[in-house]
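One structure is given here, and the rest of the page talks about it.
The values are calculated or read from the model by the stated rules, or taken from the named source; none is laboratory data. Bear in mind that the values here come from a model prediction, so they are computed numbers and not experimental data. Here the Cβ positions follow ideal geometry from the backbone for every residue, glycine too, while neighbour counts run over all protein chains shown.
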Amino acid sequence: MRSNISNGSRGKCRIHKVAEVAACRPGLDAEISALKPKVVVCLGATAAQALLGRDFRMTQHRGEFIESPLVPFVMATVHPSSILRAPDDETRHAEMRRFVADLKKLSRVLS
């Protein structure tokens, strides 16, 4: 897959093309159907929108359990690589704490 990231500048960039994401959906649906997981975690906005719909906003629903007919529990959180791109150490540490808090919510529903 070709990335649309150029010259290292920060800002909004689409790493995944819509057609590539849509092409993967039947395979994902088949895996979910076969494995019947209790939880699906979407890492990043692209994954969340592919599974939960284009209207999903990570800024509004990060770390929340989202209703879905696919599995009992669906959660979206940031992609771990986004934490590494935080502008400074303080923000990176805060984002890591939020990410870990999201994962702890998941561990509670799995136990």
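Would you be able to say whether some residue in the range 70-80 is touching a His at 6+ places or on another chain (Cβ under 8 Å) and aliphatic (A, V, I, L, M)? Please lay out each step first, then the result.
Going residue by residue through the range 70-80, those that are touching a His at 6+ places or on another chain (Cβ under 8 Å) are 76.
Of the ones still in play, those that are also aliphatic (A, V, I, L, M) are 76.
Yes, that holds for at least one residue.
Go through the range 66-94 and count every residue that is of a type in the set (Gly, Ala, Ser), out of contact with any Gly (no Cβ under 9 Å at 6 or more places or on another chain) and more than 29 Å from SER33 (Cβ to Cβ). Qualifying residue count, the range 66-94: 2. Which condition breaks for LYS12 when tested against (1) closer than 21 Å to PHE99 by Cα; (2) modelled with pLDDT of 90 or more; (3) more than 12 Å from the chain's Cα centre (by Cα)? Every condition holds for LYS12 apart from (2).
Restricting attention to the range 45-103 and to residues that are aliphatic (A, V, I, L, M) and in a loop (DSSP other than H, G, I, E, B), the residue that is modelled with the lowest pLDDT turns out to be LEU70.
Which residues, counting only those in the range 64-94, are more than 14 Å from the chain's Cα centre (by Cα), surrounded by 11 or more Cβ atoms within 10 Å (Cβ to Cβ) and free of Cβ contacts under 8 Å to residues at least 24 places away in the same chain? Result: ALA86, THR91, ARG92, HIS93, ALA94. For the range 64-87, residues that are within 12 Å of VAL40 (Cβ to Cβ) and among the aliphatic types (A, V, I, L, M) total 6.
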